[in-house]
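What follows is calculated from the coordinates using simple rules that are stated; it is not laboratory data. In this text the structure is predicted, and so the values were computed from the model without any measurement. Here the Cβ positions follow ideal geometry from the backbone for every residue, glycine too, while neighbour counts run over all protein chains shown.
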């Protein structure tokens, strides 16, 4: 009997904790909507590059990074030249692109950057002018072949000739987790469907949903584990 009461109390406390977190997040969503200040100034309480150092064991790659496109309505007035800047090859229509970086060892969302019109900058260009400038000296990231121009100096890509095959399995798992984050974010209809609202609010929506996803990661719904990832040999040679 006492054991059942303890279990019920534990569930109740967890529920209250998650409810408070959700309420706080919804408050931030509403605050963003009516605030003239950029959402990024309020994201630091959950999404921070400092989180990439947690459980650090000497890897030179602390983050995995990828870009995701989200569909929007055709910006008006239509013209072929203007429309081209928004065009995404992923869904053959207009969209906005965001860069998202995860901690390899913990799965926390550590960085979001955007939006960018899909036809203006590719993944490498966004990284080069954003996240790359925030990395430590000698630090690299795991990314897909869209970031090949930065391999091997700043990035490790699947097709890079400078990296051994022995780590391919865990590296594929690391990059698969990026798709998991995208799927979680797109559980919200506003990101999985064509965005039909004020385009200037899209960053607010995306940022708020990333915060909610991060709260879920921290409160019982983590991403699958890749903490066994290492990017060096036993003798200390980088690969």
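Would you mind getting me the FRET efficiency between residue 148 and residue 78? Use the beta-carbon distance for r and R0 = 45 Å, nearest 0.05. The calculated FRET efficiency here is 0.85.
Going by neighbour counts of Cβ atoms within 10 Å, the residues 56, 165 line up, fewest first, as 165, 56.
By other beta-carbon atoms within 10 Å, ranking 57, 186, 121 with the fewest at the front produces 57, 186, 121.
Calculated FRET efficiency, residue 193 to residue 87, Cβ-Cβ distance, R0 = 22 Å: about 0.75 to the nearest 0.05.
Here the Kirkwood formula, the inverse mean of 1/r across different C-alpha pairs, assigns the stretch 37-218 a hydrodynamic radius of 17.1 Å.
Can you put 111, 86 in order, fewest other beta carbons within 10 Å first? Intermediate results must be reported in sequence, preceding the final value.
Working: 111 22, 86 19.
Arranged by neighbour count, lowest to highest, 111, 86 become 86, 111.
Take the Kirkwood radius over Cα pairs of the stretch 147-225, plug it into Stokes-Einstein at 37 °C and 0.692 mPa s, and you get 218 µm²/s for translational diffusion.
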